[in-house]
Structure formats: structure tokens, C-alpha cells
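Report on one structure; see the data block that follows.
The values are calculated or read from the model by the stated rules, or taken from the named source; none is laboratory data. Fair warning: this is a prediction, and the values are worked out from it, not measured in the lab. Accessible surface areas use protein heavy atoms only, side chains included; no ligands, DNA or RNA. Shrake-Rupley method; radii C 1.70, N 1.55, O 1.52, S 1.80 Å.
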Amino acid sequence: MMKKLLYVFVIGGLFTFASCDSPAEERMEEREERVEELEDEAEERTEKMEDMEEEMDTTAVIE
């Protein structure tokens, strides 16, 4: 009985350990998240600049 219980804990520990990300994987995920954030910021700035361009009326009014 004791061996079975110990075996269950060992197997459970291995599954828990196997599911953990390595530090290198965590750093890579963080970099990917930062890149995505920068891309989102760039898209927002581009949209703002396009909106500002549309708002600026450079056409002359001829009466």
C-alpha cells in the first residue's frame, strides 16, 4: 500500500515538473508578448495619424 502511494506521488510530481516552462521558454514567451504589444501600439498610432489626416481639411473653399 505504501509503495503504491509513493508511486502515485512520484508520477504526479513528474507530470507537474514536465508541465513547467523552462526559463528560456518563459523569456521567449515574454519577448513574443512584447513584440505583439509593440505591433498593437504601432497600429494604433497609424490609425490615429490617418484619422488626423482625414480631419485636416486642406482643400480650399471656392466661393
Report yes if T46 is modelled with pLDDT under 75 and open to solvent by less than 90 Å² (accessible area, probe 1.4 Å), otherwise no. no
Give me the residue from segment 19-37 that is among the aliphatic types (A, V, I, L, M) and open to solvent by less than 80 Å² (accessible area, probe 1.4 Å) and, out of that set, modelled with the lowest pLDDT. A24
